[in-house]
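S.K.: Structure below; questions to follow.
Nothing in this text is a laboratory measurement; each read-out follows from the coordinates by a stated rule. This is a predicted model, so every value here is computed, not measured. Because the Cβ atoms are built from the backbone with ideal geometry, glycine has one as well, and the counts that use them run over all protein chains shown.
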Amino acid sequence: MKRNQADELMALQDTLYFIGGKWRIPVINSLCNGNRRFREIERSIPGITTRMLSKELKDMEMNKLVKRTVYPDSPVLVEYEPTEYCRTFGSIILEMIKWGKAHRRVVTQS
């Protein structure tokens, strides 16, 4: 069966759009490692600002990657968790980590 290059290109562009930001993958990684509260996520990602994390979490919620749950405690408790759909990206992140480690070894062995 002949591959449709236009469909492949569009799928690649959709993926790159999703992972294109500096913070999207670190936020997903933090969530998948069990961080649920805003400050936990923020502390687990060096360099991210409160404003940027808030923006990323809102975008990810809109794209069905994160579920936001508000508990009516005093003070209000908000937790974030990756959706099952988001978890489908986990194996890709692991492959990216593996490739990144290998690439660093290749580049530093000059």
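S.K.: Among the complete DSSP H segments of the chain, which ones combine at least 20 Å of alpha-carbon extent along their axis with a mean Kyte-Doolittle hydropathy of -0.5 or more?
M.R.: Going by DSSP H runs, the hits are 5-19, 90-108.
S.K.: Additional query: Trypsin sites (Lys or Arg not before Pro), restricted to the range 7-38: which are DSSP loop and have at most 16 other Cβ atoms within 10 Å?
M.R.: Lys22, Arg36
S.K.: Now for a separate question. Given the pairs Lys22/Lys101; Lys58/Lys98; Lys55/Lys98, which are separated by over 22 angstrom at their Cα positions?
M.R.: Among Lys22/Lys101; Lys58/Lys98; Lys55/Lys98, the Cα-Cα distance tops 22 Å for Lys58/Lys98; Lys55/Lys98.
S.K.: Take every Cα-Cα distance within the chain, group them into 5 Å bins from 0 onward, and report for each bin the whole-number percent of pairs it holds.
M.R.: Histogramming the chain at 5 Å steps yields 2, 10, 18, 20, 17, 13, 9, 6, 3, 2, 1, 0 percent.
S.K.: So, one more: Could you list Thr15, Thr108, Thr83 in order of exposure, starting from the residue whose Cβ has the fewest other Cβ atoms within 10 Å?
M.R.: Thr108, Thr15, Thr83
S.K.: Once you charge only the Cβ atoms, +1 for Lys and Arg and -1 for Asp and Glu, what is the size of the charge dipole of the chain about its Cα centre, to the nearest 20 debye?
M.R.: 380
S.K.: Something else now. Which whole-number percentage describes the relative contact order of the chain, with Cα contacts under 8 Å and a sequence gap of 6 or more?
M.R.: 22
S.K.: How would Leu57, Leu65 line up from fewest to most surrounding beta-carbon atoms within 10 angstrom?
M.R.: Leu57, Leu65
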